[in-house]
1. Please determine, by comparing only the residues of segment 186-202 that are more than 16 Å from the ligand (Cβ to nearest atom) and either within 12 Å of ASN244 (Cβ to Cβ) or among the hydrophobic types (A, V, I, L, M, F, W, C) (or both), which one is surrounded by the fewest Cβ atoms within 10 Å (Cβ to Cβ).
2. How about segment 24-76: which of its residues are touching a Ser or Thr at 6+ places or on another chain (Cβ under 8 Å), more than 16 Å from the ligand (Cβ to nearest atom) and either assigned to a helix (DSSP H, G or I) or closer than 19 Å to TYR87 by Cα (or both)?
3. I need the full set of residues from segment 170-181 which are under 22 Å from the mean Cα position of the chain (by Cα), more than 22 Å from ASN204 (Cα to Cα) and buried (at least 17 other Cβ atoms within 10 Å of the Cβ), in order please.
4. Can you tell me which residues in segment 392-414 are of a type in the set (Ser, Thr, Tyr), in a loop (DSSP other than H, G, I, E, B) and surrounded by fewer than 15 Cβ atoms within 10 Å (Cβ to Cβ)?
5. Could you grab me the full set of residues in segment 48-79 that are open to solvent by 50 Å² or more (accessible area, probe 1.4 Å) and of a type in the set (S, T, N, Q)?
6. Residues that are assigned to a loop (DSSP other than H, G, I, E, B), crowded, with 21+ Cβ neighbours inside 10 Å and either within 16 Å of the ligand (Cβ to nearest atom) or free of Cβ contacts under 8 Å to residues at least 24 places away in the same chain (or both): does segment 261-283 have at least one?
7. Name the helices (runs of 4 or more DSSP H) wholly inside segment 86-158 in which the number of residues that are within 14 Å of the ligand (Cβ to nearest atom) and open to solvent by less than 40 Å² (accessible area, probe 1.4 Å) is 3 or more.
8. Return the only residue of ALA385, ALA389 being surrounded by 14 or more Cβ atoms within 10 Å (Cβ to Cβ), touching a strand residue (DSSP E or B) at 6+ places or on another chain (Cβ under 8 Å) and not polar (S, T, N, Q).
Amino acid sequence: MTRKLLASAAAAAMALTGIVVAGDAWAASTLGASAAQTGRYYGAAIAAGRLGDSTYTRILTSEFNSVTPENEMKWDATEPSRGSFNYSGGDRILNQGIAMGAKVRGHALLWHQQQPGWAQSLSGSTLRSAAINHVTQVATHYKGKIYAWDVVNEAFADGNGGGRRDSNLQRTGNDWIEAAFRAARAADPAAKLCYNDYNTDGINAKSTGIYNMVRDFKSRGVPIDCVGLQSHLGTSIDSTYQQNIQRFADLGVDVQITELDVQQGGNQANIYAAVTRACLAVSRCTGITVWGIRDTDSWRSDNPLLFDGSGNKKAAYTSVLNALNAGGTTPDPDPDPEPEPGAGCTATLTPNTWNGGFTANIRVTAGGTALTGWTVGVSLPSGSAVTNAWNATVSGSTFTNVGYNGQVPAGGSTEFGFQGTGTPPTAAPACQAR
Ligand code: G2I
């Protein structure tokens, strides 16, 4: 039974006995605990330099169950000179997160801003290899400790019909983003790998450009697990906000609200509540991060956060807490289970028998990972034999893909067939990814 049902059953019972209860007796009283009721996190971007401020740290440790370094894991901070890495600030954030039992989001491996001077002056293949080395080194340093990495940040342009932003990284070739994601996966297979951007909070040309990239990555087996919607908002929220989250989720990636802040003086409390409800409505929206704790900690000057400069809870705080306590869909903790080793595909056989012989059609279906090749073994009844095959090469009773049908997207399928003498196999064929 859900918490809400329990609560209303209890409220009904108390009403019968004349006891009046205000609100939901089971409501959690902090942002992190109320988000956790639906399996989500509620996080904050934090700065290592503020951890000595007791008001800041009190709010951080009591309210949040995820942290993101506001600047400490960026390229300029972690690799100030080429090949020489400095993890002091990043490690302080990581250790703070670990001490709190919080998730740690890594931000950000590659971005056109906050590059060290030495990288800004590189181009072409030299920059490409320096960038990929950066991804590999930093993701390796934090291997196993990061819940989700913003692998690439803000690579799409504003007002360019959904195209890429020009940058030194983009000029190394359009495939720089997938190269970064592959390097990050190789370095830290446990971290969720996100693409993160702003002005992508509703359905628009920019978010559609990203949507198309994610769809392409999924179809070609480029590793990507999540999309970050920064959500730096003004005085309104796009009417397609939830729909936009849902369309990314429908591609098979998680969505995270990664840098939320909302201008004060407009409709701040309502907009915060609307963002919360939209995330809760989509099961693959796994958490929300606000970009700072108190208004005075923000990069913005329009008081966009949940706590005022003295650390008091604002109306926006209460509206978020209430929205979280109202409940929502529950994320599947393992929406993309890795296939068992060697079991990256399955195969089914449909026989067509005639007197003295048969043909068999075999459908090969990829598991959660795209195939780059496959083999299918069948076990033939004694006295039967394969005479020829199509859309596959055959050796004995083992079939291998040909050039044009080895690539099968995750969840996709392809077919081949063969002809034989005797009677067709009765056991299910065995499929192996190559
Ligand atoms: O610009 C807001 C955010 C947009 N999305 C990506 C985020 O990474 C970005 O965060 C901001 C930080 O909140 C700022 O704190 O990124 C800025 C850098 O582009 C950060 O500002 C920098 C200042 O530019 C530096 O001068 C300063 O040394 O913060 C540094 C550390 O305080």
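1. Out of the qualifying residues, it is ALA190.
2. GLY32, THR55, SER62, GLU63
3. TRP176, GLU178, ALA179, ALA180, PHE181, listed by residue number.
4. First pass over segment 392-414, keeping only residues of a type in the set (Ser, Thr, Tyr): 393, 395, 397-398, 400, 404, 413-414.
From what is left, the residues that are in a loop (DSSP other than H, G, I, E, B) are 397, 404.
TYR404, the sole residue that qualifies.
5. SER54, THR61, SER62, ASN71
6. no
7. Values: elements: 88-100, 117-120, 124-141.
Helices (runs of 4 or more DSSP H) meeting the threshold: 88-100.
8. Every option except ALA389 fails the conditions.
The values are calculated or read from the model by the stated rules, or taken from the named source; none is laboratory data. Here the structure is a predicted model, which means the values were calculated and not measured. Note that each Cβ is placed from the backbone with ideal geometry, even for glycine, and that neighbours are counted across all protein chains shown. For accessibility, only protein heavy atoms count, side chains too; no ligands or nucleic acids. Shrake-Rupley method; radii C 1.70, N 1.55, O 1.52, S 1.80 Å.
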